[in-house]
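The values are calculated or read from the model by the stated rules, or taken from the named source; none is laboratory data. Remember, predicted model here, so these are calculated numbers, not experimental data. Here the Cβ positions follow ideal geometry from the backbone for every residue, glycine too, while neighbour counts run over all protein chains shown.
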Amino acid sequence: MDVIRFPDDPRPVRWPHPVLAIGNFDGLHRGHVKIIERIRRGASERGGTAVVLSFDPHPPRVLRPDKAPPLLMTPAQKREALARAGVQGLAVVRFSQDLSQWEPEVFVRRVLVDWLRVAEVWVGADFLFGRNRSGNFTVLRTLGQQHGFRAEKIDPIRYKDFVVSSTRIRRLVAEGRVEEAGALLGRHFAIEGTVVEGARRGREIGFPTANLATENELLPPNGVYATFSTINGVVRTGVTNVGVRPTFDGPPTTSVETHVLGFSGDLYGQRQELAFVQRLRDERRFPDVDALREQIAADVRRAGRLFDKLSV
């Protein structure tokens, strides 16, 4: 997937008739997938290119930095997920205070027309853009008619009783409701990073762990989770502790440690994707190491029963 950035990079010649979806696509949830399916179909019909337009930094970080939410994905995760979904090009607009003051017509002319030369644009039903969020879908469609591109919108996607949104998914993850977050995402919520050396306490008590140094901003709350670890393309089951290891003395630094079930090798330096399947319990302090060891063994048995139900 090609990635270009506004205003630095020209549109590639190999992007004929871009069919564009505009949004932040954080998490790439079920609603995002629906709009990507639509632009892929439109690109196929036109002999064009399926392109996503996103913004960096995330606009709230510029406009309301004190209220900006932690993101569900790192930029690398988002690029990989978009490519897997069949997006052919990613156009990233550098968001700034200056750009936020552009009138809707200026944004359309400079970005959609002059830069990308779009054939078709798809947005969500609540899409707003331009100075003071004064541009909506009706404005976009009118401007599209003036500049020679088609503008369409996609209705919100619902899962059971809920509208699927990145905001709702962030809330669910922050509350530890990772199963529900996964249902809205259409896959398990996942973080990624590099396995680093820890204090080796897990190994000492019979449950060695892979300690993850992650670039992700959002973690589930402290607790114990059933997880999937993907390392070098191999998926393994595990039990992960997110927290400060209160049974042991030391600074209360949050760590992410996974006991990979049935694995005894060395994972140091490996890239790991860690997908959260289900919350098993809260993190808590134990009176001694033996009590902690007994509880971890119970966690492993419980996770094993869960994975058996999932036919893993």
Requested in this report: Output the residue which, of all residues in the range 283-312 that are within 25 Å of Asn216 (Cα to Cα) and at pLDDT below 95, is surrounded by the most Cβ atoms within 10 Å (Cβ to Cβ).
Outcome: Glu283
Query raised in the report: Do we have any residue at all in the range 83-98 that's basic (Lys, Arg) and closer than 20 Å to Gly186 by Cβ?
Result: yes
Query raised in the report: Taking interchain pairs and intrachain pairs at least six residues apart, which have beta carbon atoms under 6 angstrom, with the first residue in the range 279-300 and more than 22 Å from Arg236 (Cβ to Cβ) and the second part of a helix (DSSP H, G or I)?
Result: Phe286/Leu292
Query - the range 112-141, residues that are more than 24 Å from Ser44 (Cβ to Cβ) and assigned to a helix (DSSP H, G or I) - result: Asp114, Arg131, Asn132, Arg133, Thr138, Val139
**Report entry** Filtered residues of the range 263-282 (kept if within 23 Å of the chain's Cα centre (by Cα) and either modelled with pLDDT under 90 or in a strand (DSSP E or B) (or both))
**Finding:** Arg271, Gln272, Glu273, Leu274, Ala275, Phe276, Val277, Gln278, Arg279, Leu280
Report summary line: Taking first residues from the range 38-57 that are in a loop (DSSP other than H, G, I, E, B) and second residues anywhere that are of a type in the set (Gly, Ala, Ser), the pairs with Cβ under 9 Å that are 6 or more apart or on different chains are Gly48/Gly42; Gly48/Ala119; Pro57/Ala68; Pro57/Ser96
Query - Residues of the range 88-106 that turn out to be of a type outside the set (Val, Ile, Thr), part of a helix (DSSP H, G or I) and farther than 17 Å from His58 by Cβ, as a count - result: 2
Requested in this report: Looking for whichever is within 30 Å of Asp266 (Cα to Cα) and over 17 Å from the mean Cα position of the chain (by Cα) here; the options are Thr138, Thr194, Thr142, Thr230. Which one fits?
Outcome: Thr194
Requested in this report: Only residues that are modelled with pLDDT under 95 and part of a loop (DSSP other than H, G, I, E, B): list them for the range 216-233, please.
Outcome: Asn232, Gly233
Query raised in the report: How do the pairs read when you match residues in the range 4-24 that are closer than 16 Å to Phe55 by Cα with residues anywhere that are assigned to a loop (DSSP other than H, G, I, E, B) and β-branched (Val, Ile, Thr), using Cβ under 7 Å and keeping only pairs 6 or more apart or on different chains?
Result: Leu20/Val118
Query raised in the report: Considering the range 75-87 alone, what residues qualify as being out of contact with any strand residue (DSSP E or B) (no Cβ under 7 Å at 6 or more places or on another chain) and part of a loop (DSSP other than H, G, I, E, B)?
Result: Ala85
Query raised in the report: Within the range 1-37, which residues are buried (at least 17 other Cβ atoms within 10 Å of the Cβ) and either assigned to a strand (DSSP E or B) or outside the structural domain of Ile157 (by TED's automatic domain parsing) (or both)?
Result: Ile4, Phe6, Pro18, Val19, Leu20, Ala21, Ile22
Query raised in the report: With Pro156, Pro208 as the choices, which residue is under 30 Å from Glu294 (Cβ atoms), modelled with pLDDT under 95 and touching a strand residue (DSSP E or B) at 6+ places or on another chain (Cβ under 8 Å)?
Result: Pro208
Query raised in the report: So which residues in the range 58-75 are in contact with an Asp or Glu (Cβ under 9 Å, 6 or more places away or on another chain) and without any contact (Cβ under 8 Å) to a residue 24 or more places away in the chain?
Result: Pro75
Query raised in the report: Taking into account only those residues within the range 65-106 that are at pLDDT 95 or above and among the basic types (Lys, Arg), which is farthest from Lys34 (Cα to Cα)?
Result: Arg94
